[in-house]
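Remarks on the structure that follows.
The values are calculated or read from the model by the stated rules, or taken from the named source; none is laboratory data. In this text the structure is predicted, and so the values were computed from the model without any measurement. All Cβ positions, glycine included, derive from the backbone under ideal geometry; neighbour counts span all protein chains shown. In case anyone asks, the SASA skips ligands and DNA or RNA and just uses the protein heavy atoms, side chains included. Shrake-Rupley method; radii C 1.70, N 1.55, O 1.52, S 1.80 Å.
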Amino acid sequence: MNKSNNIADKSNSFSLEGLGVLFISGVISNPRFRVKSSFLLLLFCLLLISCSVTKHLPAGAKLYSGAQVKLISTEKVNKKEVKAAALASVRPKPNSSFFGMHPQLWLYMSAGENPKSKFKKWLQKTGEAPVLMTNTNPGVTSAAIDAKLFNMGIFNSHTEFKIIEKTHTASIIYTSHIHKPYKIKEITYDISDDSLSHLILSDKNNALINAEQDYSLDKLKAERMRIDAMLKNNGYFYFNPDYLLFKADTSAVNHTISFKVTLKDSIPDNALTAYHIRNVFIDQNYSLRDAVRDSTKDTLMFQNSIFRGKESDMFIHPNVILRSVYLRKGELYSRENHTITLNRLMSMGNFKFVQVKFSESDTTAVGYFDANILLTPMPIHNFQAELDLVTKSNNYTGPRMNLSVSNRNAFKGAELLKLTAGGSFEAQLSGASKNSFSYAFNPQVELTFPKFLVPFKITPSNSIYIPKTNFALSYNFLKRVGYFNMNTLQFTYGFKWKNSFRVEHEFNPLNISYTSVTNKSAVFTALLDSNSFLKKSYEEQFIVGANYAFTYNEQSVQGKQLQYYFHFFAETAGNVFSLAEFIAGQKPTANNPSKIIGSVYSQYAKFSVDNRVYLNFSKDEKLVFRLFAGVADAYGNSSVLPYNKQFFSGGPNSVRAFQINSLGPGTYLQATNTNDFLQLGGDIKLEMNTEYRFGIYKFLKGALFVDAGNVWLQKSNSSTQGTPFAFSTFINELAVGGGFGLRADVSFFVLRFDLAMPFRKPWLPDNHRWVINEINFGSGNWRGNNLILNIAIGYPF
């Protein structure tokens, strides 16, 4: 180390880190480079980097390496919970580390004290300034720990500190002398206002603080907010949580505390008054320019609500507006109904701004005010044009364009009518199928109603989200030049609704699609004749069924360290026709299938689950786990799933080390360089993904990932391609790959580049499927056959 330091002092361009980089470069260029040696070299260079961080610190300065908290108590205490709270109070945080090393600190130190070049300035911005021992204030931190413990009921704690110094670093040990937390002995209520007292006492079963609980300041605050919310739902619009007091009486003998809930001595009269709504005024054409002229507008009475403006100016029928208004004349004010009204009106998608203002009525009656609902409309018509350049891992590349025109109020009932026309062209620019190309055209008309549209009555819910009924009719034309034409006509009737911002449902009771393959070339016909399984899956594509999806998503929950995502999907088809034939005394089979309108209908059931866990370390650093499992079965009138209903694995959002849809079934090796659109699918799918995401510089993010998965056929499937699924062998037939990713994340748009390589190939002979020892970056042939670059929009999961 001393020798390297002398070298570094003589020249800024030559250092021990540089020697490590040169050493690695030399080995990588050697065709005999292998993984084991590269791993050792990587560890060696990281060790050099770690050693070099502290040598550039100012003279006498020591790098702060963090703090420990020790607890000393003669009583039984939940030390895990107390220690976690104490550690949360420790400031500052040390430099971020990765397996004991500080890569961001190293980048900052590499730039020098006053960087001149743009590159070194970039290094300094990307890096992390050193956190020195002089940046700490152990005395203040000790007081902060005691304050935190006080809020947990440990009123008489005492925290001391000790500094541990090493050659270049220093750490702090905080030792807290604690006792068991005070417990709540009893809670009594002494509310001077009789009406408030009655409400609070009648709702005390929902209290967040109860006898025998440990004292917690956070729970006291939450209880005060709960009481305030309850009162606001009972008309007390002007009440404030600060008007509530918790008077405490402690006993040091048995470590208990008693609370008396009271009101402040001086509270405004309106805070003690329960308000009713005298009138509801609604203006669906409100703008700030018209604010001073609101009182002069014409009015229209509709269902006890007063609409401002002429009837001819009301572009949405009043009845539709009132379905989302839960503030009603004569009723007691409720904050819950206030919130529901705001959210439902905004979720209609017709208004830029929604406001609810309350004004005292011009009468002598006390406890009444008017609700003014002010709606600022969005433009009714909207036009969008999207142009994408799509590239796939199977070398197909081409442009895609979508044009759409929307009407947000098609029939004066806030219906969304959307007309879309899309087209795409793709060609294979390299590989055995070079110059193969296809093009597609897909128009669609979609009509969405802001309610459940069913032939029977549904009791409206008080959810803040408006249910939607959707009708969609689409046509898709696909031409694979030199092979076939495919025409698909689809109609969907279904519903979407949400229980909360986490939970969403989608149910399509009617989903009809008909696909016909025409203009088959001799080459395509020969391909199908050589594979009866593939031929059957292309033939049976008349689908009449239903599907349901359930989604639970916590990704929008701010500040949650552990976030979950769960998606369940179920689909069935052909059962209604099969039941009708069974009643008629007929029993269709796959060998003798029945037809509807001259076409064999598909009969199958399909289920899948997509489960994800997001472990957030910081804003830009997280670890993501994903498990996808799916199973489908063709039965009755079908022996094979329709091609577009099969499971596929491999590609940018799947196992990224393998080309799109190229894995399986089982141990089968698909020809990925020819006829890439004819990959075989499966009846069963299992995928597992792990991805570590981290920030690099501002919008530039990085990722390290490992993927595993495959698809299989059912044992009952007649195909001889690959191995069928078996619990005793499926783990040994998983494909595994991993790699590194770069993402340009600018909040509204994410462009993703994932470079992946296979670690395990399921089609190889048993005991030879792991191919990690064959990795050879110096070989052009290995790179061409194994490295896969996935370019995609958005995160994979």
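Residue-by-condition table, conditions (1) basic (Lys, Arg); (2) more than 30 Å from residue 104 (Cα to Cα); (3) out of contact with any Cys (no Cβ under 8 Å at 6 or more places or on another chain):
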position: 547; (1), (2), (3): no, yes, yes
position: 572; (1), (2), (3): no, yes, yes
position: 592; (1), (2), (3): no, yes, yes
position: 609; (1), (2), (3): no, yes, yes
position: 613; (1), (2), (3): no, no, yes
position: 622; (1), (2), (3): yes, no, yes
position: 632; (1), (2), (3): no, yes, yes
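Residue by residue, here is whether (1) open to solvent by 60 Å² or more (accessible area, probe 1.4 Å); (2) in a strand (DSSP E or B); (3) modelled with pLDDT under 90 holds:
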{"site": "459", "(1), (2), (3)": "yes, no, yes"}
{"site": "475", "(1), (2), (3)": "yes, yes, no"}
{"site": "487", "(1), (2), (3)": "no, yes, no"}
{"site": "501", "(1), (2), (3)": "yes, no, yes"}
{"site": "508", "(1), (2), (3)": "no, yes, no"}
{"site": "512", "(1), (2), (3)": "no, yes, no"}
{"site": "523", "(1), (2), (3)": "yes, no, yes"}
{"site": "536", "(1), (2), (3)": "no, no, yes"}
Residue 186: loosely packed, with under 15 Cβ neighbours inside 10 Å and either charged (D, E, K, R) or at pLDDT 95 or above (or both), yes or no?
-> yes
Taking the stretch 332-364 as the search range and keeping residues that are in a loop (DSSP other than H, G, I, E, B) and at pLDDT 95 or above, which one is farthest from residue 497 (Cα to Cα)?
-> 333
Assess whether residue 148 counts as being within 15 Å of residue 71 (Cβ to Cβ) and surrounded by fewer than 17 Cβ atoms within 10 Å (Cβ to Cβ).
-> no
With the condition kept exactly as written, say whether any residue in the stretch 308-326 is modelled with pLDDT under 95, part of a strand (DSSP E or B) and more than 25 Å from residue 451 (Cα to Cα).
-> no
The condition from (1) within 37 Å of the chain's Cα centre (by Cα); (2) within 29 Å of residue 722 (Cα to Cα) that residue 500 misses is numbered (2)
Does residue 578 satisfy the condition of being modelled with pLDDT under 90, open to solvent by less than 40 Å² (accessible area, probe 1.4 Å), outside any strand (DSSP E or B) and hydroxyl-bearing (Ser, Thr, Tyr)?
-> yes
Residue 637 passes all but one of (1) in a strand (DSSP E or B); (2) out of contact with any Lys or Arg (no Cβ under 8 Å at 6 or more places or on another chain); (3) among the polar types (S, T, N, Q); which number fails?
-> (1)
Which of the residues that make up the stretch 489-499 are out of contact with any Asp or Glu (no Cβ under 9 Å at 6 or more places or on another chain), open to solvent by 70 Å² or more (accessible area, probe 1.4 Å) and either of a type in the set (Phe, Trp, Tyr) or in a strand (DSSP E or B) (or both)?
-> 489
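Wholly within the stretch 63-180, which helices (runs of 4 or more DSSP H) include no fewer than the required count, namely at least 2 residues that are at pLDDT 90 or above and under 30 Å from residue 701 (Cβ atoms)?
Working: elements: 79-88, 103-110, 118-126, 138-151.
Of the helices (runs of 4 or more DSSP H) lying wholly inside the stretch 63-180, those with at least 2 residues that are at pLDDT 90 or above and under 30 Å from residue 701 (Cβ atoms) span 79-88.
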Give the residues of the stretch 323-370 that are among the charged types (D, E, K, R), more than 29 Å from the chain's Cα centre (by Cα) and farther than 14 Å from residue 282 by Cβ, sorted by residue number.
-> 331, 335, 360, 362
Selection from the stretch 467-495 of residues that are of a type in the set (A, V, I, L, M) and more than 17 Å from residue 418 (Cβ to Cβ) = 478, 481, 486, 489
Can you pull out the residues in the stretch 525-534 that are open to solvent by less than 30 Å² (accessible area, probe 1.4 Å) and in contact (Cβ under 8 Å) with a residue 12 or more places away in the chain?
-> 531, 533, 534
Among (1) open to solvent by less than 40 Å² (accessible area, probe 1.4 Å); (2) at pLDDT 90 or above; (3) among the acidic types (Asp, Glu), residue 540 falls short only on (2)
Test: residue in the stretch 617-633 that is surrounded by 22 or more Cβ atoms within 10 Å (Cβ to Cβ) and among the polar types (S, T, N, Q) | no
Those residues of the stretch 663-698 that are assigned to a loop (DSSP other than H, G, I, E, B) and either farther than 29 Å from residue 745 by Cβ or modelled with pLDDT under 85 (or both) come to a total of 17
Here is a list of conditions, (1) surrounded by fewer than 13 Cβ atoms within 10 Å (Cβ to Cβ); (2) within 23 Å of residue 140 (Cβ to Cβ); (3) more than 36 Å from the chain's Cα centre (by Cα), and residue 88 meets all of them except one; can you say which number that is?
-> (3)
Would you please name the residue that is surrounded by the most Cβ atoms within 10 Å (Cβ to Cβ), looking only at residues in the stretch 229-261 that are free of Cβ contacts under 8 Å to residues at least 24 places away in the same chain and out of contact with any Lys or Arg (no Cβ under 9 Å at 6 or more places or on another chain)?
-> 252
Out of all the residues in the stretch 125-142, which are over 24 Å from residue 86 (Cα atoms), in contact (Cβ under 8 Å) with a residue 60 or more places away in the chain and open to solvent by less than 30 Å² (accessible area, probe 1.4 Å)?
-> 126
Which one is surrounded by the fewest Cβ atoms within 10 Å (Cβ to Cβ), of the residues in the stretch 443-457 that are in contact (Cβ under 8 Å) with a residue 24 or more places away in the chain, assigned to a loop (DSSP other than H, G, I, E, B) and of a type outside the set (D, E, K, R)?
-> 452
Taking the stretch 581-619 as the search range and keeping residues that are of a type in the set (A, V, I, L, M) and outside any strand (DSSP E or B), which one is nearest to the chain's Cα centre (by Cα)?
-> 590
For the stretch 744-797, how many residues are crowded, with 17+ Cβ neighbours inside 10 Å and hydroxyl-bearing (Ser, Thr, Tyr)?
-> 0
